[in-house]
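Worksheet: the structure to be examined is printed underneath.
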Amino acid sequence: MRYVLKENIKIDFGIVKQYGVAKRIGINAVTLSKILNRKTSTTKPIALYITILNGGKEKDIEKYFDIKEERKK
């Protein structure tokens, strides 16, 4: 499953810059930017980390992200 950020969701990491968040997650800052701009989907661990950093809990992941099934080839 892949996770895409829902429209009209405000992500605020507080005083931490996106570059710092990306570094903590272990992804490139450009990749994080694409996730936050809904240009690419992400995995559940990264979606969960973004949710928690934004003040949510594990159960809130569906408030922040739409879940999409992967197509089998």
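Each helix, a run of at least 4 DSSP H residues, gives -39500 (n - 2.57); summed and divided by the residues of the chain, these come to -10500 deg cm²/dmol at 222 nm.
Sites listed here are chymotrypsin sites (Phe, Trp or Tyr not before Pro) in the chain whose DSSP assignment is loop and whose Cβ has at most 16 other Cβ atoms within 10 Å: Phe13.
Considering only Ile46, Ile35, Ile11, the mean-square fluctuation computed in a Gaussian network model of the chain, springs between alpha carbons under 10 angstrom, is largest for Ile11. Computed over protein heavy atoms with a 1.4 Å probe, the accessible surface of the chain works out to 75 Å² per residue.
Given a Förster radius of 30 Å and the C-beta distance between Ile15 and Lys59 as r, what FRET efficiency does 1/(1 + (r/R0)^6) yield to the nearest 0.05? The computed FRET efficiency comes out at 0.70. Cross-link pairs exceeding 21 Å between alpha carbons, from the set Lys23/Lys44; Lys39/Lys63; Lys10/Lys59; Lys17/Lys63; Lys10/Lys57; Lys10/Lys63: Lys17/Lys63.
Atom-type composition of the exposed protein surface of the chain places 48 percent of the accessible area on carbon and sulfur (1.4 angstrom probe).
Relative to the dominant Cα principal axis of the chain, helix 44-53 is inclined by about 30°.
The values are calculated or read from the model by the stated rules, or taken from the named source; none is laboratory data. No experiment lies behind these values; they were computed from the predicted model shown. Backbone-built Cβ (ideal geometry, glycine too); neighbour counts: all protein chains shown. Remember, those area values only see protein heavy atoms, side chains included, never the ligands or the DNA or RNA. Shrake-Rupley method; radii C 1.70, N 1.55, O 1.52, S 1.80 Å.
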